[in-house]
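Taking it in order: structure first as structure tokens, then the write-up.
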Amino acid sequence: MIQKLAHIGPVLAVKFYKEWCFCAQGPFIEVYEFKTGSKVGRYQIFHRNKVHGISICRNSKRVLVYGSRSVSIITIDELLSGKNLLGYEKMTAEWIVSGEFSYNGDQVYLLTIYNKVIAVDPVTCDIVRTYLLEGERSILYSGSIKVLPTKVLVNAGTIMNGIVIWDLTTQKKLWNLKGHEGAIFYVVANNSGSLLASCSDDRSIKIWDLHTGELLSTGWGHTARIWNLEFFNEDKQLISVSEDCTCRVWDLLNNEIRQKEMYETHLTKNAWCVDVENNSLIAVTGGNDGRIKLTEIRKPSFTNDITVTLEDISKSCKEFEPKKNEIIKGFHLFSFGVVLITSEGNIIQHLTAQNKWVLIEHDERFFSFSITQGINNTVFFMNNKCILKSLTFSTEGCLLNTTEIKLSDLTQTINCISVRPYDENFSLVIESANPNDPLLLLKFKERTNELLEKVVLNKPANLLTSCAEIYGDYLLVGGRFSMVFAFNLLDTTCHSLFVKLPASDAVTSIKHIEDKGGNALFSMTNRDGAYFFVSFNFKMKTVKIVHTNKVNRGFLEGSFYDENDEFIVYGFKSNLFHIYNETQQYEIFSQPCGGAHRQWKLFQPKNDNSVLCFVKNSTLNIVTIPSYQFPKTLKNGSHGREIRDISFQPGNYDSNKNSLFITGSEDTTVKLASLNVETGDIINHWSLKTHVSGLQKCKFISDNIFITCSAREELFVWELEMNFSLPYVSLRQKLIPSTNIPDLRIMDFDVIFLEGTENDFIMVSVYSDSSIKLWHYIYDQNKFTKLAEGKYETCCLLGVAFVPFKRSLKLLISTTGGFLVTMDITKNIPFTLNDGKLPNKSYTKDICKELPHWSDRVRVHEAGIKSFELKLNPTAESFMVYTGGDDNAMAITEFSNKDDDTLDIKILCKDCYAASSTITSVNLLDNGNKLLSTSVDQIIRIRDISNNELRILDSQYTTVADTGSCDIRKLEDGRHMALIGGLGLSCWQAT
């Protein structure tokens, strides 16, 4: 009846072995070839328990897998064969903390929570012996076993008694190491058994001498609890992962621990595990977000990278002698090297192949002020007196020609922007500080620098240009205050297209993405951290913002799509320059450079590594951005916190092979992703970060509109754009809170569309203080109007739905008291119901009515009704309600409309023991004949409800903890796809 297709959840263990990487996710182990990123397979090891640890015997090629009280010992060949491995699962009497093979591989040691070690035969799984430390009664939070050629050390991390080190063979205590505060979260010995690393609730890492028991060093750096540690690189380094989602590398010099590198690896909360492949020096980490992240610790070195001052240049170039206070004013990087200009007008060239500096010329007209731009093998220098000078070089760096232009159309010059090649030539956009001067576009011939065309454009008022892009016969210019203008280059008298982006700072980049159906799509970034996708139809002279989002990473300076169609942004956060994969939400590169308020340029050649150049402390730095040898991720995860709601797009996406859906999470983000209905694979598209509190509900109300709500009275209307290669999402409208400091949570909402309109609707929202509000949304005006409001009582309202009858419109509300409540709102809306539908009409918009008292109610549950599904029977003027509650019960309730528009209510069926914990969601399927439910006990159940009974047809265990949300989509072939969310996300197929 129901079958699991895929699962994303916390990754609790990772292990490298030869060319493979073994990763534990739920009761499964996923195996990847880490050099290529290809997935070998996914294998279920345990029936229910999650895998917490993996150990591999190098001698016998056996794999020890353990988690909770489950343990399995199998060969690698058996694991990769794909056969059923559940028969190998054995159970212990105590929780297993750690496990290792003996030195010769003939035994397996299992450390339990009671500080016992069970020795097991790896072939028969018989217990050979039990070791324990007499007189020691500490409960372990963590621990590890270090197998050495001559002895076995047990490193026990206790909850209240520090770290207990004991010898397995003699069963004697060696040391009781105290110095941490709180529970010991992880403890591990180095390969030689001479040092011990530990971490605890105090967020520190301590290094201990195992020969003397002495504390050698304490390392600080993580901002939250540390979960895992590993020695690597011949014990000269240590790696750690933490609740702060970072992976940090530490150097061990003379037994002193010092942080060397920090990598952002996971989302929101908890990186759980780490392992290092010592040959390649690559780390793999697993986190709460389900991501399996590879991090290359060994950084490649590049001979082209330089750090140089003007004083350094003068030592190499005898013709150049810097004056006092002379600084670098501009630079441009070419394949042959770099060309720069100083504040004294000295133009200097560096030839990389010969590693020498050459003074090209001195031009005092460029004293103090100059702007440098370059394109292809030409560099431009412009001063504030309308002089534009260009130098063209050969590919080897030889100066071919020099040209000079007097910009007579301008009274002074302040800005010069280069635009990428146009018709195999290139262009410059030049601006004056005089608001009465025009805007100039100069088109040059490639290689010769011959001026082909000069276009004089009327400059709009208040425009101060910051970026530009040429598209066909149009010039797009971005400026301060998030203004973007599009000029027609063929008709300069034609009024330009204009768009004001919903941001406040300067537009920093404009980049053409694609054309489709007469629309041209451009990506734009903003200095306040926002980015946008804007569609221009130049023929129809229309502009539409199709995507809006913001990154929490400081300033944005640019963006692009990579070869995998993943959206990459770059900019500055504090003193760091960073490149960030916005699609998959991880950092690609970061470089300390002092921040955005300095000279810098990012060069992105087509067939070579990108290069970052910046000036810091009067020093020119050229840093090559490495192209990594290994994939950045083996698996892309989902949210870093619990998923609170899921909603499928009603229509088809990508020819029915993929279904779009949204998820709302406790981490305050809304993700738009697509599900492959054949494999269950999930592809992330966007992570929307507009909410500032944890999500409560998210729903598609049509193919192109969805609504999300959360605490702080946040309710947002989003619009989906499906006319391009990828789906895009824009925030269309926000519901205005009732106070300046909102403290209420919008618990649920529902809409009913108005006939005669495409996207106008009536919406009801219910709140945590028992408030109920009715709204009218007009799509063309993009406006909410409040129609009515009122209160039920004082309890929190959990759910709401419209119930349209032929002559009346009712609300159905679920409460924390276990009641289903109805309210007749027919007279409270300015629309007349016609056969169960609401035709649109005009009305006086300044009247907000008070909602009536509730009409009918029935107590169906003993506690809150967490979820309900409604099935309307319009011909019989009745509806059925299927509920699941906090009291672990499920019920079927019938509501029938009587002649006086009151309701007759009957509880047809109730199962008080429907689950062993709270039922969190119920969903109808099979044309309303079956009901799928999820509950906190992690059991998915399908019931037959065709005869108004709750008869279980199938039940399956899900590894998604804190199971809380579900949505179902029926496919054209009759199958149902179910997505179940909580602390993770799983895909199921129901029939």
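No lab work stands behind these numbers, since they all come straight from the coordinates. Bear in mind the structure is a predicted one, so any value in this text is a computation, not a measurement. Methodologically, a virtual Cβ is constructed for each residue, glycine included, from the backbone with ideal geometry; neighbour enumeration extends over all protein chains shown.
Quote the charge dipole size of region 301-369 about the Cα centre in Debye, to the nearest 20; the model charges only the Cβ of Lys and Arg (+1) and of Asp and Glu (-1). Provide the component values of the computation, followed by the final result.
Numbers: 7 positive and 10 negative charges, 12 e Å.
The calculation lands at about 60 debye.
To make sure I understand, if each residue's beta carbon is the centre and we count other beta carbons within 10 Å, what order do Y103, Y141 fall in, fewest to most?
With the sparsest Cβ surroundings first, the list reads Y103, Y141.
For D887, what is the net charge nearby, where nearby means another residue's Cβ is under 13 Å from its Cβ and Lys, Arg count +1, Asp, Glu -1?
My count for the surroundings of D887 gives 0.
Past 18 Å, Cα to Cα, is the threshold; run K459/K516; K806/K871; K116/K173 against it and keep the listed order.
On the way: K459/K516 30 Å; K806/K871 15 Å; K116/K173 13 Å.
Beyond 18 Å: K459/K516.
Please work out how much length the chain gains when fully extended from K406 to S590, using 0.36 nm per residue of separation minus the C-alpha to C-alpha distance, in nm with one decimal.
Between K406 and S590, full extension yields an extra 62.2 nm.
Over all directions, what mean area does the Cα convex hull of region 933-991 project, stated in square nanometres? Each step should come with its number before you reach the end.
On the way: hull surface 16.7 nm².
For the Cα atoms of region 933-991, the hull's average projected area reads 4.2 nm².
Kindly write out, for region 686-695 in residue order, the coupling ³J(HN,Hα) from the Karplus curve 6.51 cos²θ - 1.76 cosθ + 1.60 (θ = phi - 60°), rounded to whole Hz, with x marking Gly and Pro.
Running phi through 6.51 cos²θ - 1.76 cosθ + 1.60 with θ = phi - 60° gives 9, 10, 8, 10, 7, 5, 10, 9, x, 5 Hz.
Counting only C-alpha contacts under 8 Å and six or more residues apart, can you give the relative contact order of the chain as a whole percent?
The value is 6 percent.
Express the Stokes-Einstein translational diffusion coefficient of region 463-592 in µm² s⁻¹, to the nearest whole number, given a Kirkwood radius over alpha-carbon pairs, 25 °C and a viscosity of 0.890 mPa s.
163
Using alpha-carbon pairs under 8 Å, 6+ residues apart, how would you state the relative contact order of region 666-810 in percent?
Over region 666-810, the number comes to 14 percent.
Sorted from largest down, what three extents in whole angstroms do the Cα atoms of region 316-393 have along their principal axes?
Principal-axis extents of the Cα atoms in region 316-393, largest first: 35, 31, 15 Å.
Take the eigenvalues of the Cα gyration tensor for region 720-783, scale each by 5, and report the square roots as semi-axes in whole Å, largest first.
Each semi-axis is √(5λ); the values are 26, 16, 11 Å.
Taking R0 as 30 Å, what's the FRET efficiency between T832 and L744 from their Cβ-Cβ distance, rounded to 0.05?
For T832 and L744, the calculated efficiency is 0.40.
Using helices alone, I'd like the mean residue ellipticity at 222 nm for the chain: each DSSP H run of four-plus residues gives -39500 (n - 2.57), total over residue count, nearest 500.
Helix-only estimate at 222 nm: -500 deg cm²/dmol.
Provide the gained length on full extension for the span K173 to Q3, in nm with one decimal, where the gain is 0.36 nm per separating residue minus the Cα-Cα distance.
56.2 nm is the gain from fully extending K173 to Q3.
Tell me, H512, H222, H597 in order of fewest to most beta-carbon neighbours within 10 Å?
Starting with the residue having the fewest Cβ neighbours, the order is H597, H512, H222.
Please tell me the relative contact order of region 642-720 in percent, rounded to the nearest whole number, where contacts are Cα pairs under 8 Å and at least six residues apart.
Details: 189 pairs, mean separation 20.2, N = 79.
Taking the mean separation of contacting Cα pairs over the length of region 642-720, I get 26 percent.
Determine the sum of side-chain charges near K299: Lys and Arg each +1, Asp and Glu each -1, restricted to other residues whose C-beta is under 12 angstrom from that of K299.
That works out to -1.
So for the pair T679, E319, with labels modelled 7 Å out along Cα→Cβ, what separation do we get in nm?
5.9
Do the alpha carbons of any pairs in K146/K172; K323/K601; K454/K500 sit beyond 21 Å of each other, and which pairs?
From K146/K172; K323/K601; K454/K500, over 21 Å: K323/K601; K454/K500.
Å³ per residue of the Cα convex hull, for region 860-991?
104
Take the cross-link list K389/K606; K83/K866; K293/K544; K389/K573 and give me the ones stretching past 30 Å between alpha-carbons. Before the final figure, lay out each step's value.
Numbers: K389/K606 27 Å; K83/K866 40 Å; K293/K544 37 Å; K389/K573 34 Å.
Correct reply: K83/K866; K293/K544; K389/K573.
Efficiency by 1/(1 + (r/R0)^6): what FRET value for V456 and D251, r their Cβ-Cβ distance, R0 = 60 Å, to the nearest 0.05?
0.50
Say each of D904 and N929 gets a label point 7 Å from the Cα, pointing the same way as Cα to Cβ; how far apart are those two points in nm?
2.7
Among the aspartates and glutamates, which fall within straight-line cross-link reach of K906, defined as a Cα-Cα distance under 14 Å, with same-chain neighbours fewer than 8 residues apart omitted?
D856, E894, E949
Which value, in debye to the nearest 20, describes the size of the charge dipole of region 657-767 about its Cα centre when Lys and Arg Cβ atoms bear +1, Asp and Glu Cβ atoms bear -1, and nothing else is charged?
280
Just to verify a number: FRET efficiency for H597 and N436, C-beta to C-beta distance, R0 = 22 Å, to 0.05?
Efficiency at R0 = 22 Å is approximately 0.15.
Kirkwood-based Rg over Rh for region 642-720 (C-alpha set), two decimals?
Rg divided by Rh gives 0.98.
What do you get when you divide the Cα radius of gyration of region 356-416 by 2.2 N^0.38 Å, with N the number of residues?
Dividing the Cα radius of gyration by 2.2 N^0.38 Å gives 1.17.
Among L451, S738, N155, whose Cα projects farthest towards the positive end of the dipole of the chain, with charges put on the beta-carbon of Lys, Arg (+1) and Asp, Glu (-1)?
Value: N155.
Hey, if you put +1 on the Cβ of every Lys and Arg and -1 on every Asp and Glu Cβ in the chain, which of H47, Y767, G640 ends up farthest toward the positive end of that dipole?
Result: G640, furthest along the dipole toward the positive end.
Quick one: check the C-alpha center-to-center distance for region 65-119 versus region 624-668, whole angstrom.
Region 65-119 and region 624-668 have Cα centres separated by 33 Å.
How large are Rg and Dmax for the chain when calculated on the C-alpha trace, in angstrom?
Expressed in Å, the Cα Rg and Dmax of the chain come to 32.9, 103.
Calculate the dipole size of the chain relative to its Cα centre from +1 charges on Lys and Arg beta carbons and -1 charges on Asp and Glu beta carbons; express the result in debye to the nearest 20.
580
How do V858, V284, V717 line up, fewest other C-beta atoms within 10 Å first?
V858, V717, V284
Please name which of W854, T816, I865 has its Cα lying farthest along the dipole of region 794-887 towards the positive end, using unit charges on Cβ (Lys, Arg +1; Asp, Glu -1) and the Cα centre as origin.
Among W854, T816, I865, the one farthest towards the positive end of the dipole of region 794-887 is W854.
Using the Cβ atoms and a cut-off under 13 Å, what net charge is assigned to the surroundings of A876, where Lys and Arg are +1 and Asp and Glu are -1?
Cβ neighbours under 13 Å give a net charge of 0.
Please work out the ratio of the alpha-carbon Rg of region 843-896 to 2.2 N^0.38 Å and round it to two decimals.
Region 843-896 yields a ratio of 1.54.
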